[in-house]
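**Student:** Handing you a structure now.
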Amino acid sequence: MFGFKFLGRTHIPHHKNTAEMPPVKMTPPKEVLLPMSQHIGAPATPVVKAGDEVKVGQLIAEPTGYVSSPIYASVSGKVLKIEDYLRPDGKTVPAIRIASDGLMTLAEDIAPPTVSDFDSFIEAIRLSGLVGLGGAGFPTSVKLDAVKRGDIKTVIINGAECEPYLTSDTRTMLDDGESVFDGITLLEKYIPSVDKFIFGIEKNKPECIEEMARIFRDNPKVSILPLPSLYPQGAEKIIIYNTTGLVVPEGKLPADVGVLVINVTSLSVLAKYVKTGMPLVERCVTLDGSALANPMNVLAPIGTSVRELVEFSGGFKEEVGKVLFGGPMMGVPAANLDEPITKTTGGITAMNIKDSTEQEPTACIHCGRCVETCPMGLNPTVFAKAVNIEGLEDRMARLEEYSINLCMECGACSFVCPARRPLVQSIRLGKATLRNHKLTNKNK
Amino acid sequence: MDNLIVSTSPHLHTKTTTHKIMRDVLIALLPATAASITLFGLKALIIIAACVGTCVLSEFLFNLAAKKKQTVGDLSACVTGLILALSLSAKASVWQCVVGSVFAIVVVKCMFGGLGCNFANPAATARVFLITAFASIAGGTPTEFQNVLTAGATPLAAIKDGAQAKELPALLDMLIGNRGGAIGETCTIALILGGIYLIARKVINWQTPVILLGTVFLLSFAIEGDATLALYELLGGGVILVAFFMATDYVTTPINKYGRMIFAFGCGLITVLIRQFGSYPEGVSFALLFMNILSPYIEKWCSKRPFGKSAVKKAGKEGA
């Protein structure tokens, strides 16, 4: 009715302090802890045991089933043990602890994969251990394999990086332009139905927009679309709408509207694997936040503990309150500094005590800021009320009526709330109860 | 252990708080407050002090008695007190102010659960309560200009009695407040200044006052057939005060943007209907209360279809 309008309207601070810092390669950590579940899907199955010698890039856990991903040793050394690891999200998964010998010896069998057709391309991606590096962690091979189902016309390369502080995607675009280029070439070759590649990049990264425009100046299929610097541009459904105008219906996937979204760093890792055969064992992690002495980008082996990473960067400058895997909008807090970074950790945000202290919530004044800001057009206040409804059936009906599952927990509503209401927390609770309720009904 | 704080995302919040919003409203009311004291003198100051003081004190005492967390720090009681004071006539006595304030805070707000839970605007309800209980305090004339005006009637009452434009105060007087009316509603220019401040600070949206005032003006024009008289309708009563400071109250208006627009239109429409066809010369407080009650329904009718939700599917009992 009012024509095309960008979704996402929340002004949040950017804090892209490390945008101009190319990643520094980390010195080998003393040990790494590699959880078997760093992705959406079934946890991988360990194929090594305590005492085994491993080398960088050696397979240590193979995928369990279709929606899963293999895990490779990120340092050379000795497997100490296979232990239970309590993930920040509360799930316990097995994890392999490896003591590094400090040599980072490469495995002998690393060689570029043979890629000749679509199936071998997908198999190569599966073996690379690549999962959505933007944070979702969905196995990339499964996502690309879904291309078979539908007619993918458009590929969106997500370089929005809308989280405050994080600049690892920024650095990929600036430092790894060549692999991004190779990645597009691969997609063009193996997914011939695609006639459009759109880079969605927030306007607060003009140097990335320029760089991508320069690299792809001779490719008419590729367009670079600057997005407004309004949170949450990088959310999948939002970036699809803002770049193509297509709406992904509730409960459907981007593939259902002929779109594939891939994170720009995932694309570059994919291209690098096809070229070198080196699986995903290290990644760029942005270290930033008010408690850190030296914010920087670090190229760190996956599984490195937060403690060793922070020590490498120069330690804390003041007492640390919260340590987040990711940025402050959607980041998950670590319970202690020994927790490892995983494939999906794009950054570590360490906040000082002042920034970490949550203000006491006050009464909802019905100001409507959350309704106005929600990119999905939801009304967060109804969920906050609905989760307190006494009767279970009534509560579930209410939550579904207001489409609670459309919420992607971007945090914009809680961010703007002047009463500091824990809206996202209420929604998470609502979603979890609804999910359990449905499961129970199904099993009856 | 490292004593890390663990909480759910987001871990970043805007600087705006309820306290800051209420403080902005108080700042926006400063010009009108200053104008009322200039125009009505000490009498206005006493009314303001009585209302604000009683509002804050009664909320404090209610929370104390009900063993609730103390909430006077959010300044909302100050705002209610000040708006109530500004919408009263200079004839109001201190005890009337006290009764009105206690009614606004204790009956309308606290008994319904405090800030955010009241269904009607406390200041507007208290004003209507006082007007109905003590009919004499509706009008009132600035002390300094008493001789200029005819017997303290408000311009709206004069229009109601069939006065023509030339018998009314000059339009300039209507802007600066040289006319009969409640202490804070006569100086319209001060109210508009405060309103612009609130819009600039993004505390209120511009649509509500513009739609409300536009509706009053256009409908009055359509019925009276005289643009000057319509302008008097706009500046003569409490419409400006209500449009900027009461119809924009978050709690008692729909939460969604389009809902707020409909709310504003409804306020304007009912105001004109009461003024033109009812027995009261002024009707904006009644209009506001009426729309406050409709507010939850408007909110429901105007709720947006979430992004990606199909248009036809209606979640309901049939599906279950």
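**Student:** Residues being of a type outside the set (S, T, N, Q) and within 8 Å of chain B (Cβ to nearest Cβ): count how many of those fall in region A:379-401.
**Tutor:** Result for region A:379-401: 3.
**Student:** Of the numbered conditions (1) touching an Asp or Glu at 6+ places or on another chain (Cβ under 9 Å); (2) away from chain A (no Cβ under 14 Å), B:Met22 fails exactly one; give the number of that condition.
**Tutor:** (2)
**Student:** Can B:Ala28 be described as assigned to a helix (DSSP H, G or I), within 15 Å of the chain's Cα centre (by Cα) and of a type outside the set (Asp, Glu)?
**Tutor:** Judged against the criteria, B:Ala28 is a match.
**Student:** Another one. Name, by its number, the condition in (1) at the interface with another protein chain (Cβ under 7 Å from one of its Cβ atoms); (2) in contact with a helix residue (DSSP H, G or I) (Cβ under 6 Å, 6 or more places away or on another chain); (3) touching a residue at least 60 places away in the same chain (Cβ under 8 Å); (4) not basic (Lys, Arg) that does not hold for B:Ile5.
**Tutor:** (3)
**Student:** So A:Glu360 passes all but one of these: (1) in a helix (DSSP H, G or I); (2) out of contact with any strand residue (DSSP E or B) (no Cβ under 9 Å at 6 or more places or on another chain); (3) surrounded by fewer than 21 Cβ atoms within 10 Å (Cβ to Cβ). Which condition number does it fail?
**Tutor:** (1)
**Student:** Now for a separate question. Look at region A:301-319 and say how many of its residues are part of a loop (DSSP other than H, G, I, E, B) and surrounded by fewer than 18 Cβ atoms within 10 Å (Cβ to Cβ). Reasoning before the result, please.
**Tutor:** Initial filter on region A:301-319 (part of a loop (DSSP other than H, G, I, E, B)): A:302-303, A:314-315, A:317-319.
Then drop every residue that is not surrounded by fewer than 18 Cβ atoms within 10 Å (Cβ to Cβ), which leaves A:314-315, A:317-319.
Number of matching residues: 5.
**Student:** Have a look at B:Leu45, B:Leu86, B:Leu30, B:Leu75 and point out the one that is crowded, with 16+ Cβ neighbours inside 10 Å and more than 14 Å from every other protein chain (Cβ to nearest Cβ).
**Tutor:** B:Leu86
**Student:** Counting just the residues of region A:402-417 that are of a type outside the set (A, V, I, L, M, F, W, C) and crowded, with 24+ Cβ neighbours inside 10 Å, which one comes out nearest to A:Ile389 (Cα to Cα)? First the steps, then the outcome.
**Tutor:** To start, the set of residues in region A:402-417 that are of a type outside the set (A, V, I, L, M, F, W, C) comprises A:402-403, A:405, A:409, A:411, A:414.
Filter once more, keeping what is crowded, with 24+ Cβ neighbours inside 10 Å: A:411, A:414.
Values: A:Gly411: 23, A:Ser414: 21 Å.
Per the criteria, the residue is A:Ser414.
**Student:** Continuing with this model, one more query. Only one of these is out of contact with any Cys (no Cβ under 6 Å at 6 or more places or on another chain) and free of Cβ contacts under 8 Å to residues at least 40 places away in the same chain: A:Leu406, A:Leu429, A:Leu392, A:Leu439. Name it.
**Tutor:** Details: A:Leu406 fails: free of Cβ contacts under 8 Å to residues at least 40 places away in the same chain; A:Leu429 fails: free of Cβ contacts under 8 Å to residues at least 40 places away in the same chain; A:Leu392 fails: free of Cβ contacts under 8 Å to residues at least 40 places away in the same chain.
Among A:Leu406, A:Leu429, A:Leu392, A:Leu439, only A:Leu439 is out of contact with any Cys (no Cβ under 6 Å at 6 or more places or on another chain) and free of Cβ contacts under 8 Å to residues at least 40 places away in the same chain.
**Student:** Something else about it: Might you check whether a residue that is free of Cβ contacts under 8 Å to residues at least 60 places away in the same chain, touching a Ser or Thr at 6+ places or on another chain (Cβ under 6 Å) and more than 8 Å from chain A (Cβ to nearest Cβ) occurs anywhere in region B:33-42?
**Tutor:** No, because not a single residue in region B:33-42 is free of Cβ contacts under 8 Å to residues at least 60 places away in the same chain, touching a Ser or Thr at 6+ places or on another chain (Cβ under 6 Å) and more than 8 Å from chain A (Cβ to nearest Cβ).
Here is a yes/no grid of residues against (1) under 17 Å from the mean Cα position of the chain (by Cα); (2) facing chain B (nearest Cβ under 7 Å):
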| residue | (1), (2) |
| --- | --- |
| A:Ala291 | no, no |
| A:Asn294 | no, no |
| A:Gly303 | yes, no |
| A:Glu308 | no, no |
| A:Lys317 | no, no |
| A:Met329 | yes, yes |
| A:Ile353 | no, no |
| A:Cys370 | no, no |
| A:Gly377 | no, yes |
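**Student:** Can you tell me which residue in region B:250-266 is nearest to B:Phe119 (Cα to Cα), limited to those that are among the hydroxyl-bearing types (Ser, Thr, Tyr) and within 9 Å of another protein chain (Cβ to nearest Cβ)?
**Tutor:** B:Thr252
**Student:** Between A:Lys442, A:Lys385, A:Lys354, which is basic (Lys, Arg) and either modelled with pLDDT of 95 or more or over 23 Å from B:Ile21 (Cβ atoms) (or both)?
**Tutor:** So the residue among A:Lys442, A:Lys385, A:Lys354 that is basic (Lys, Arg) and either modelled with pLDDT of 95 or more or over 23 Å from B:Ile21 (Cβ atoms) (or both) is A:Lys442.
**Student:** Evaluate the following for A:Ser414: is it of a type in the set (Ser, Thr, Tyr), within 7 Å of chain B (Cβ to nearest Cβ) and under 22 Å from the mean Cα position of the chain (by Cα)?
**Tutor:** In short, yes.
**Student:** Quick check on region A:176-210: of everything there that is outside any helix (DSSP H, G or I) and of a type in the set (S, T, N, Q), which residue is farthest from A:Val274 (Cα to Cα)?
**Tutor:** A:Asn204
**Student:** To continue, here is another question. Given A:Val382, A:Val332, which one is of a type in the set (A, V, I, L, M) and out of contact with any Ser or Thr (no Cβ under 8 Å at 6 or more places or on another chain)?
**Tutor:** Exactly one of A:Val382, A:Val332 is of a type in the set (A, V, I, L, M) and out of contact with any Ser or Thr (no Cβ under 8 Å at 6 or more places or on another chain), namely A:Val382.
**Student:** Across region A:331-348, what is the number of residues that are crowded, with 22+ Cβ neighbours inside 10 Å and within 13 Å of another protein chain (Cβ to nearest Cβ)?
**Tutor:** 6
**Student:** Filter the helices (runs of 4 or more DSSP H) completely within region A:390-444 down to those with at least 3 residues that are within 25 Å of B:Lys15 (Cβ to Cβ) and not assigned by TED's automatic domain parsing to the domain that holds A:Pro164.
**Tutor:** So the answer is A:412-416, A:423-443.
**Student:** So, B:Ile192, is that one of a type in the set (Val, Ile, Thr) and modelled with pLDDT of 95 or more or not?
**Tutor:** So B:Ile192 fits the description; yes.
**Student:** A:Ala95 - would you say it is away from chain B (no Cβ under 14 Å), more than 19 Å from the chain's Cα centre (by Cα) and not in a strand (DSSP E or B)?
**Tutor:** no
**Student:** May I ask you to list the residues in region A:98-135 that are assigned to a helix (DSSP H, G or I) and closer than 30 Å to A:Tyr165 by Cβ?
**Tutor:** Listed by number, the residues that qualify are A:Ile125, A:Ser128.
**Student:** Got a sec? Which of B:Lys68, B:Lys15 is surrounded by fewer than 15 Cβ atoms within 10 Å (Cβ to Cβ) and either away from every other protein chain (no Cβ under 14 Å) or without any contact (Cβ under 8 Å) to a residue 40 or more places away in the chain (or both)?
**Tutor:** The unique qualifying residue is B:Lys15.
**Student:** Quick check: is even one residue across region B:93-107 away from every other protein chain (no Cβ under 13 Å), farther than 27 Å from B:Lys20 by Cβ, outside any helix (DSSP H, G or I) and hydrophobic (A, V, I, L, M, F, W, C)?
**Tutor:** No, region B:93-107 has no match at all.
**Student:** Output the residues belonging to region A:24-67 that are at positive phi and either surrounded by fewer than 22 Cβ atoms within 10 Å (Cβ to Cβ) or in contact with a His (Cβ under 8 Å, 6 or more places away or on another chain) (or both).
**Tutor:** If the condition is that a residue be at positive phi and either surrounded by fewer than 22 Cβ atoms within 10 Å (Cβ to Cβ) or in contact with a His (Cβ under 8 Å, 6 or more places away or on another chain) (or both), then A:Gly41, A:Gly51, A:Gly65 are the ones that fit.
**Student:** Going through region A:125-134 one residue at a time, which ones are surrounded by 22 or more Cβ atoms within 10 Å (Cβ to Cβ) and either within 12 Å of the chain's Cα centre (by Cα) or not hydroxyl-bearing (Ser, Thr, Tyr) (or both)?
**Tutor:** A:Ile125, A:Gly129, A:Leu130, A:Val131, A:Gly132, A:Leu133, A:Gly134
**Student:** Please go through region B:301-320 and give me each residue that is surrounded by fewer than 17 Cβ atoms within 10 Å (Cβ to Cβ) and either facing another protein chain (nearest Cβ under 7 Å) or at pLDDT 85 or above (or both), ordered by number.
**Tutor:** Of region B:301-320, the ones surrounded by fewer than 17 Cβ atoms within 10 Å (Cβ to Cβ) are B:301, B:304-305, B:310-320.
Once the filter is applied, which keeps residues that are surrounded by fewer than 17 Cβ atoms within 10 Å (Cβ to Cβ) and either facing another protein chain (nearest Cβ under 7 Å) or at pLDDT 85 or above (or both), region B:301-320 yields B:Trp301, B:Lys304, B:Arg305, B:Ser310, B:Ala315.
The values are calculated or read from the model by the stated rules, or taken from the named source; none is laboratory data. This one's a predicted model, so the numbers in the text were calculated from it and none came from an experiment. Because the Cβ atoms are built from the backbone with ideal geometry, glycine has one as well, and the counts that use them run over all protein chains shown.
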